[in-house]
Amino acid sequence: MSVASRSAAPPRLPPGLAGLLLPVGAVLAAFAVGAVAIMALGVPLGEALTAFWRGAFGNAYAISASINRAVALALVGTGFVFAARAGLTNVGGEGQIAVGGVAATAICLAPGIADLPLGLAFLVPLLGATLAGGVWGALAGFLKVRVGTNEVISTLLLSFIAVWLLYWSVQSEALLRQPMTSSATLPESLPIPVTTQVPLLTGSYSSPVTLGLPLLVVIAAVTALVLSRSIFGFQLKAVGLNPVAAARAGIAVGASIVTALFLAGAMGGLAGGLMLQGEQYSLKAGFSSGYGFDGLVVGLLARNSIAGVIAGALLFGFLRSGGISMEMGASVPSALIDVLQGLIVVTIAGAAYYVDRGDRK
Amino acid sequence: MDGSGIVTETVVPVPGTRAAAPSLLTMNGIGKSFGSFVALAGIDIDFAGGEVHCLLGENGAGKSTLCNLVFGIHRPSEGAMRLKGEAYAPSGPSDALARGIAMVHQHFSLVNELTVIDNLLMGGSRGRLDRKAEARRIEALAEEFGLALAPFATVGDLSVGERQRVEIVKCLMRRPQVLILDEPTAVLLPDEIGSLLTVCRQVADSGCAVVMVTHKLAEIERVADRVTVLHRGRVSARSDRPAEEIPALVSAMIQRPAARSGEAVVGAIALAKRKPAGPRPPAGEAMQLDGVSFDDRTGVRRLDAVTLSIERGEIVGVAGVEGNGQSELGAILAGLARPTDGRWFAGGRDLTQASPREITRSGVGIVPEDRHAVGSIGKLSLADNLFLNRMRQFSRLGLIDRRRQMEKARDYIQRFDVRAAGATVAFGSLSGGNQQKAVLARELTTPNLRFLLAAQPTRGLDIGAIETVYGLIRDAAEEGVGVLLVSSELDELIAVADRIVVFYRGRIAGEYPADPVHREAIGTLMSGRSA
């Protein structure tokens, strides 16, 4: 019983192709708007693009910095997808990065850590950062399960708490601030010992891609497998789709929620640890500067696909690096990158809405 | 869809078409597809002013879809509608309402905390609100159609029948040309059904076209001027004299000869009731409720000291109008709520404080009254839903062995006659009957099953599926499972159960053997009068 479709429905792209064309189209559209904005600012387009290229891909250092940035964003994004599978929206990446950074700094500077053998000197602080971020995320999960606090609110507010904890810890000598030898001593921690730094893949500071990259690849692969194939991933999905039916089926709904947010937070914490031990080497007040929120956007755009997270993280990683360079080299405000990111988000979310609606009708 | 593939369109011949009033609303060649699923195809139908037009059909036949097209909730994939000769393509319900089409849904859209009058005025009033004047206006309107209404009562205090009246008045206030009622009698007491049908008649007599979805033949006999039968998304029969053609309508609805016509369901079930002289089921107690009480969040007592014991192999029916504690009892037995007082046991184990998982492990199967919200996850596959609570059996190093799961799923699908395009289709895309068979498949295969709660297991199911469902429940009882069967269909309970307890306001108001001679007494107890 086939019914010939004579309706006026618009031609529909195959889902796979639509899933690819959508983000690419959105990015290209955003770039076009960006180009117009640059010209409107009176900056020669060529000059701006040259600066952008230099910052993003200009040399081994630029590329490495972009990749390190992308690794952090991808970790936060992967965590976001994990929580999203259980129907949770983790917007607390910024705070989870912050507590990760604080924990990593504290452990790196703790006596005896720098002398640990077998790479434990940098692994132990990384693990500490991961756990700290995990606890920060699990806190929101616990609040949700116990008193029903919406995790969007609690993860965001916990972020503010974490960022101010970080400020406090670099302002107070009793915590992590370096000893004040003069009034010019900056409010930041001591640099961490070299042995606690995350090793660079090339061994050279001129191309500082860290061990974080292979670590991310492993984590992303494991996450993709767990989400698609494991019992645990199945349970998270059930909880996310219908918590009541999941509870009736004997799935521990509360524990699943806490675990999902723990894992999301742990990946944020790990990102914080990598940023500190692989890049910044000392804790400063402006430690994270929006990585958490960029990572959140990456997770949102990926629409539950780990591959999408990686692609989005690379895009935003290089965009940010290029944007900073554009500001320095061609005096285009780097806020332009925020505008472009915003445009990409709105375009993809909007287009996705229409694609989904088309599927339902 | 099911695999039989044979769709015979037996259109009841219509000798001498009655000269009806001119058509208000006509549908020509209407089709509606959801993805690859064809819900309606080639529908030609017209609704005339002054008639009560019943849409008859099994579940999944497309009745609700058709109503939703008329009311603008969905748009047709093909074909066109005309209202009084003008093209009619509503962009949404508000557009439909503006054009004079009103609909009473199965689920009411009333605010329980507000009064009747406030519910009625909601959204429709502007500027100064003169409740008294509006109340007089509405009372006059209600009186015209014989709808008793207390404008200043709070909706939450009203019975289901009264709430439905509010919904109907809400529609009538707009003076609709077409009034659609989607299975309006499903929630009503026998008395209330009678007065609803009277209202339908009166509304039709006022010149309105009344479209009523039903699968109760007695109602068609009483009120329908015309009947259109849908079967698998197509018109399979039409009748201008439905009262005289009931057997033909039934066979058009279920597409097989109706040997027992209107009594088909009850008859089929009753046959299954005779116990074969097979081996006796294992003796012993299956489940026991010991003074179970439950207070809801607002402190209202929903269950009051319910004590009941069920033997293995026994089917105990719970009769009662919905909302008399059955849902709360279901939630407690499912492990989703804790009794305020009292204890309950299955197989001698105290499960009062047990988690859903422990309850399942104790050999308790639960077919919840709301299979969408509690019994299944619509967006997961059929195979996932079949093993929702026992996925671990397929675990290999923490990963799901999909091959083994699919094998076992196909086995269940065959054994329990679940008709689906495959094990991987989304559960939500199955028809209600097949969803219920899948839920039963899962619960009846609970290891060491000794007690089964089946709450409203046939709600929204067609005759064929009802037979299958009760056959499965019967089989389980014969194998020694004690069954608590909650249903609002008294005839089904009488046909299937061994004895019947009547719930009224959270108490067991009485108990009778499941025999048709007690039908009236049980009905009296259900309505709260003492027998």
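Coordinate-derived values only; no laboratory data. As the structure is a prediction and not an experimental result, all values here were calculated from the model. All Cβ positions, glycine included, derive from the backbone under ideal geometry; neighbour counts span all protein chains shown.
Placing a pseudo-label 7 Å from each Cα along the Cα-to-Cβ vector at B:R175 and A:V33 gives an inter-label distance of 4.9 nm. With contacts taken as Cα pairs under 8 Å at a separation of at least 6 residues, the range B:378-513 carries a relative contact order of 19 percent.
Near A:K284, which aspartates and glutamates are there with a Cα under 14 Å away, not counting those fewer than 8 places off in the same chain? Qualifying aspartates and glutamates at Cα under 14 Å: A:E173, A:E188. Full extension of the chain between B:F37 and B:V300 yields a length gain of 90.2 nm, computed as 0.36 nm times the residue separation minus the alpha carbon distance. Against chain B, whose longest principal axis comes from its Cα atoms, helix B:463-478 is set at around 20 degrees.
In plain terms, the bigger the Kirkwood radius, the slower the diffusion; for the range B:19-118, with that radius from Cα pairs, at 10 °C and 1.306 mPa s, Stokes-Einstein puts D at 107 µm²/s.
Given B:K63/B:K216; A:K144/B:K437; B:K63/B:K170; B:K63/B:K379, which pairs have Cα atoms separated by over 25 Å? In this structure, A:K144/B:K437 exceed 25 Å between Cα atoms.
Look at the alpha carbon pairs under 8 Å that are at least 6 residues apart: their mean separation over the length of chain A gives a relative contact order of 35 percent.
Our Cα-only numbers for the protein assembly as shown put the radius of gyration and Dmax at 33.0, 109 Å. Extending 7 Å from Cα along the Cβ direction at A:V194 and again at B:N28 yields two label points whose distance is 8.8 nm. Each of A:L49 and B:R75 was given a label point 7 Å from its Cα along the Cα-to-Cβ line. The distance between the two points is 4.1 nm. With one equal scatterer per alpha carbon and no solvent term, the Debye-computed log10 I(q)/I(0) for chain B at 0.06, 0.09, 0.12 1/Å reads -0.31, -0.72, -1.25. Counting only other chain Cβ atoms within 10 Å of each residue's Cβ, the peptide B:382-389 averages 3. Taking only the C-alpha atoms of the range A:42-89, the Rg (one decimal) and the largest Cα-Cα distance, Dmax (whole number), read 16.5, 48 Å. Go ahead and set up a Gaussian network model of chain A, Cα springs under 10 Å, then flag whichever of A:L158, A:L276, A:L211 fluctuates most. With Cα springs under 10 Å in chain A, the top fluctuation among A:L158, A:L276, A:L211 is at A:L211. Of the peptides B:468-477, A:107-116, the order by per-residue mean of other Cβ atoms within 10 Å, starting with the highest, comes out as B:468-477, A:107-116.
Over chain B, what is the relative contact order in percent, taking alpha-carbon pairs closer than 8 angstrom and at least six residues apart? It would help to have the intermediate numbers written out before the result.
On the way: 1051 pairs, mean separation 82.4, N = 531.
Relative contact order, chain B: 16 percent.
With viscosity 0.890 mPa s and temperature 25 °C, the Kirkwood radius over alpha carbon pairs of the range A:25-142 converts through Stokes-Einstein to a diffusion coefficient of 139 µm²/s. For chain B, the longest principal axis of the alpha carbon atoms and the long axis of helix B:160-172 meet at an angle near 30°. As an exercise, use a Förster radius of 35 Å and the Cβ-Cβ distance of B:E478 and B:T307 to find the FRET efficiency, rounded to the nearest 0.05. Calculated value: 0.85. Inter-chain neighbour count for A:131-140: the average number of beta-carbon atoms from partner chains within 10 Å of each residue's beta-carbon is 0.
Bridgeable aspartates and glutamates around B:K32 (alpha carbons under 15 Å apart, same-chain partners fewer than 8 residues away excluded): A:D359, B:D44, B:E78. On the beta carbon distance between B:R357 and B:S206, with R0 = 41 Å, the FRET formula returns roughly 0.10.
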